[in-house]
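Q: The structure is given below, and queries will be raised subsequently.
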């Protein structure tokens, strides 16, 4: 009786501790919820875009000034 009880006890313990089954590979991942930092990241990107525009206009203006002085 002891020889059967111990392996069965171990088997039930291992079966009870198993995790939930993994989702099938065909399911797409769930979209992440927005974070408080999303607005901050969007503001930083907008600032980078504005700075790039300003830099481009400054370079264009420098070219025009150089062309006018020559």
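Q: Between the helical axis of 2-17 and the dominant principal axis of the chain, each derived from Cα atoms, what acute angle in degrees is found, rounded to the nearest 10?
A: Between helix and principal axis, roughly 20 degrees.
Q: Treating the angle as unsigned and between 0 and 90°, give the value, to the nearest 10°, between the Cα long axis of helix 37-69 and the longest Cα principal axis of the chain.
A: That works out to roughly 30 degrees.
Q: May I pose another question? Starting from the Kirkwood radius over alpha-carbon pairs of the chain, derive D by Stokes-Einstein at 10 °C in a medium of 1.306 mPa s and give it in µm² s⁻¹.
A: On the way: Rh = 19.4 Å.
Taking Rh from Cα pairs, D becomes 82 µm²/s.
Values quoted throughout were computed directly from the atomic coordinates according to the rules given, and no laboratory measurement underlies them. Quantities reported herein were computed from a predicted structural model and do not represent experimental measurements.
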